[in-house]
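The values are calculated or read from the model by the stated rules, or taken from the named source; none is laboratory data. Please read all numbers here as calculations on a predicted model, not as lab measurements. Every residue, glycine as well, gets a Cβ built from its backbone with ideal geometry; the counts of neighbours run over all protein chains shown.
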Amino acid sequence: MNQILVTKKLYITPELKRKKKIYKFNFFLSVFLVCALISFCIYAEYDRNKSEEVSQELLSEFSQDMNNMQEKSNILVAVLNENNEDENLQEVEEAKPQTNLSNQNLAVKTTDAGYNYMTIASISIPKIDVNYSIIVGETGSLEETEALLKISPTKFWGPNPNEVGNFCIVGHNYRNTKFFSKVPTLENGDIIEITDSNNRKINYEVYNKYEVVPEDTTCLDQTTYGRKEITLITCTNDSKLRVIVKAREV
């Protein structure tokens, strides 16, 4: 009878205690890692939403500038119609739209990391409901480009917007509806609208789409035979390849 009445405590060996401690440690570590992952996802989504807001603010400012330019153009037309060159010469000079991007007084903004940039155009793709400003930095360095891409689609290579050559624009694929996430769904014949800082809007028609490895930069080639072309660049959903969308003026 005495042999049967043995408490459970006698059966908890040092090995079982060690395993129990390991189990508790692994359990709390798993909970911590899950919480950390959830917090990271929440912050990443918050950061993306913040970037979206900043980009839309830039687009709104750019659109307002274009409206102001249009009003000045209307003033110019009205002045010329009055056929009084002497009295209105000064007003004509003030109202004359700028045609050289380098001479324009574009507003310079600064990122949190200290990189300066300007809004030089806007891009609209009606089919996938894309409307963003296009920005450009001062140096074109990798670090600068990475910082600007968090704000808005960015000029990566080529001439000024709507000029002869291959205007290359890079944007993040956030695998949602923001920035260039839906650019990989474009097809031949789709229209991309670019409005530059001279208030010129040109439609470009997609004629090619393909994927390349990140090291392949042939899409930046400037051989356009006197035509105006654009190239949109973003990542595949797994970020292993780059999606290239080519379009030319129509």
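Below is a table of values for the structure above.
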quantity	calculated
Unmet requirement for Glu193, which otherwise passes all of (1) part of a strand (DSSP E or B); (2) on the phi > 0 side of the Ramachandran plot; (3) among the charged types (D, E, K, R)	(2)
Qualifying positions in the stretch 135-152 - surrounded by 15 or more Cβ atoms within 10 Å (Cβ to Cβ) and without any contact (Cβ under 8 Å) to a residue 60 or more places away in the chain	Val136, Gly137, Glu144, Thr145, Ala147, Leu148, Leu149
Subset of the stretch 212-238 (residues that are under 19 Å from Leu149 (Cβ atoms) and assigned to a strand (DSSP E or B))	Val212, Ile230, Thr231, Leu232, Ile233, Thr234, Cys235
Hey, Ile192 modelled with pLDDT of 95 or more and either over 17 Å from Ile230 (Cα atoms) or crowded, with 18+ Cβ neighbours inside 10 Å (or both) or not	yes
Any hit, the stretch 202-214, residues being modelled with pLDDT under 95 and on the phi < 0 side of the Ramachandran plot	yes
Evaluation of Thr177 against (1) under 18 Å from Ser124 (Cβ atoms); (2) in a strand (DSSP E or B) (one fails), failing number	(2)
Answer from Glu91, Glu187 - the residue that is at pLDDT 95 or above and of a type outside the set (Gly, Ala, Ser)	Glu187
All positions within the stretch 1-59 that are modelled with pLDDT of 70 or more, under 25 Å from the mean Cα position of the chain (by Cα) and either exposed (fewer than 11 other Cβ atoms within 10 Å of the Cβ) or more than 21 Å from Thr177 (Cα to Cα) (or both)	Glu53
Qualifying residue in the stretch 156-165 (condition: aromatic (Phe, Trp, Tyr) and in a loop (DSSP other than H, G, I, E, B))	no
Filter result (in contact (Cβ under 8 Å) with a residue 40 or more places away in the chain and either among the hydrophobic types (A, V, I, L, M, F, W, C) or in contact with a Ser or Thr (Cβ under 7 Å, 6 or more places away or on another chain) (or both)) within the stretch 194-225	Ile194, Thr195, Asn198, Ile202, Val206, Cys219, Leu220
